[in-house]
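The values are calculated or read from the model by the stated rules, or taken from the named source; none is laboratory data. The shown structure was predicted, so the numbers you read here are calculated from the model rather than taken from an experiment. Note that each Cβ is placed from the backbone with ideal geometry, even for glycine, and that neighbours are counted across all protein chains shown.
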């Protein structure tokens, strides 16, 4: 799958729960990598040193470094922007080390398919056993989906009190400590899974999102994603095919979050001040732009080698929010040269970013159009505005203007990109397969980048109205991509680009197809504010046999299987939640003030079984993995249970 460089914001849909609220199931995952292999390794514990002082540059040769990244698992918020005030690590001896030089403002919904480099922290060599992250909701910007429209929400604790500054503590598993050695960077990934910590009620205004945040730690991230690095240029090393940046994550314009080296290869696609280059030519253009030039790069981080190689690099005025205003979102309608962008994040050149669900953008003949992963021989010729069709994920640079409408229920901002540019990103579809023929798959389209399909106006996608794309028979060109046998009626995900406007069918060209054999399912179940003493029929090494008919089950009782919601309480047998048989997994038990983490299922199950002693109750649980509809077995690589211990 090609990597998409965007502005800060991304979107994900929210489904309204029966009668009142939306079901969201979620966790905050903190992933630490001390080794780099997929399994825990035996390491020689470093001898703690007193000569390293992170605040004294003269001692940094005696220090180690931690590469800290941030990501999110697929959730149900349209926007979830908060301030991260602090991130600390703690050793077994009680030494606490701060890793952030200053607070930073982030939108967690932007990190479903990628990880952003947050900081490269200088720390004493040691074994780190826990950490703390502090979030500030005092100026939060949170939106959920209410019948297809964005609705502002307030994040509260489970008692309904609005959150202020919250401190979340994580404890790493004994076998998966974060080992920092002198001269060898360790990797730490913060993973905020919005889909497991919130129960949303869309009825009141503003909506409410009751939070039950989890923090989980693991060695080496289980969910592998693309990586993004931002910051001003420090130096270019043409002979070594790399450049160095001073890290400034998200849209921070000040601060020093460490230094980082970005490698390139012959396939790296550069856009520097609106001009496109490939490979070493792009690196030379970056050198000409000079130190201080803003950059943002997307690509792959080799965990073993601690080496990041960019597939796409934007620099100078091509970086969103530098010398032009920027809007990021999906095209939901087009009338001539006017695009309606839904789920829009606006990144002004002189102010902080903010969310605005609909923005109207005007493009024209002078608008430059680029495409992520473009490998055309002549990159000096842009694609033209007809390449931009319905559903397309875009970053648009131009000038923010006035409001063409005064409708208070649906205000729209006019954005002038007639002398600006549009970058088209890889777009994500979700649906159910109708039919499969060589080179093409027809689906019933459920969502585009997490937004429900009915909001997309397909008028004009074909040369005639009869050729326009249709949600119930959306055609994907698959080329040589092969779907599994018996795919009809099964969920599918596709990554690629909508067909140029006015040229359908086919309606979409897939670059990556994930059919039902590989679609990740999410299970979420809750047992009310007081919990239940008997959430499972039985537990053992084979898994957790869920009591689907427990009288305490609340509104959370679903498996999200691709775009399909399966009601656990309507199944005709108990659901077995089993650990997957291969590859790494993570299991965790949360209480009100602690989190116990396991990479071994038997240890997790024993702790869970001992804890459910007839007094302690289970408040909620969630799992990620693959669900077999025929056998009613959920094969999980992540399982989390929230227990309420008696006071």
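Matching residues to (1) part of a strand (DSSP E or B); (2) farther than 24 Å from residue 283 by Cα; (3) touching a residue at least 12 places away in the same chain (Cβ under 8 Å):
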site	(1), (2), (3)
296	yes, no, yes
300	yes, no, yes
304	no, yes, yes
314	yes, no, yes
322	no, no, yes
330	yes, yes, yes
346	yes, yes, yes
355	yes, yes, yes
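Just checking, which of 236, 276, 262, 245 is assigned to a strand (DSSP E or B) and under 24 Å from residue 398 (Cβ atoms)? Full working, then the answer.
Values: 236 fails: under 24 Å from residue 398 (Cβ atoms); 262 fails: under 24 Å from residue 398 (Cβ atoms); 245 fails: under 24 Å from residue 398 (Cβ atoms).
When all the criteria are applied, what remains is 276.
Go through region 628-647 and give me each residue that's assigned to a strand (DSSP E or B), in contact (Cβ under 8 Å) with a residue 12 or more places away in the chain and closer than 18 Å to residue 560 by Cβ.
If the condition is that a residue be assigned to a strand (DSSP E or B), in contact (Cβ under 8 Å) with a residue 12 or more places away in the chain and closer than 18 Å to residue 560 by Cβ, then 633, 634, 635, 636, 637, 638, 639, 640 are the ones that fit.
Collect the residues in region 174-207 that are part of a strand (DSSP E or B) and within 22 Å of the chain's Cα centre (by Cα), keeping them in residue-number order.
Once the filter is applied, which keeps residues that are part of a strand (DSSP E or B) and within 22 Å of the chain's Cα centre (by Cα), region 174-207 yields 186, 187, 188, 189, 190, 191, 192, 193, 198, 199, 200.
Based on what the data block shows, is residue 207 within 30 Å of residue 451 (Cβ to Cβ) and in contact (Cβ under 8 Å) with a residue 24 or more places away in the chain? Yes: the conditions hold for residue 207. Residue-level analysis places residue 539 outside the set of residues that are crowded, with 19+ Cβ neighbours inside 10 Å, over 30 Å from the mean Cα position of the chain (by Cα) and under 30 Å from residue 607 (Cβ atoms). Look at (1) buried (at least 21 other Cβ atoms within 10 Å of the Cβ); (2) at pLDDT 95 or above and you find that residue 327 fails only one, number (2). Evaluation of residue 262 against the conditions (1) at pLDDT below 95; (2) crowded, with 23+ Cβ neighbours inside 10 Å; (3) within 23 Å of the chain's Cα centre (by Cα) shows that the sole unmet condition is (1).
The residue list 332, 341, 322 contains one member that is over 26 Å from residue 428 (Cα atoms) and under 26 Å from the mean Cα position of the chain (by Cα), which is 322.
Take residue 402 and tell me if it is part of a loop (DSSP other than H, G, I, E, B), more than 23 Å from the chain's Cα centre (by Cα) and modelled with pLDDT of 90 or more. Considered against the rule, which asks whether it is part of a loop (DSSP other than H, G, I, E, B), more than 23 Å from the chain's Cα centre (by Cα) and modelled with pLDDT of 90 or more, residue 402 comes out as no.
Just checking, how many residues over region 495-509 are crowded, with 22+ Cβ neighbours inside 10 Å and outside any loop (DSSP other than H, G, I, E, B)?
To start, the set of residues in region 495-509 that are crowded, with 22+ Cβ neighbours inside 10 Å comprises 496-499, 504, 507-508.
Then drop every residue that is not outside any loop (DSSP other than H, G, I, E, B), which leaves 496-498, 508.
Residues meeting the conditions: 4.
Give 49, 88 a once-over and let me know the one that is modelled with pLDDT under 90 and either at negative phi or assigned by TED's automatic domain parsing to the domain that holds residue 252 (or both). The match here is 49.
State whether one or more residues within region 602-618 are under 25 Å from the mean Cα position of the chain (by Cα) and assigned by TED's automatic domain parsing to the domain that holds residue 528. No, that holds for no residue.
In this structure, is residue 414 part of a strand (DSSP E or B), farther than 30 Å from residue 299 by Cα and at pLDDT below 90?
Details: part of a strand (DSSP E or B): yes; farther than 30 Å from residue 299 by Cα: yes; at pLDDT below 90: yes.
Yes.
Might you check whether a residue that is at pLDDT 95 or above, surrounded by fewer than 18 Cβ atoms within 10 Å (Cβ to Cβ) and farther than 25 Å from residue 79 by Cβ occurs anywhere in region 441-458? Yes, there is a match, as at least one residue in region 441-458 is at pLDDT 95 or above, surrounded by fewer than 18 Cβ atoms within 10 Å (Cβ to Cβ) and farther than 25 Å from residue 79 by Cβ.
From the list 187, 202, 170, pick out the single residue that is farther than 30 Å from residue 94 by Cα and buried (at least 18 other Cβ atoms within 10 Å of the Cβ).
Values: 187 fails: farther than 30 Å from residue 94 by Cα; 170 fails: farther than 30 Å from residue 94 by Cα.
After applying the criteria, what remains is 202.
Residue 251 meets each of the listed conditions (1) farther than 19 Å from residue 421 by Cβ; (2) surrounded by 15 or more Cβ atoms within 10 Å (Cβ to Cβ) apart from (1).
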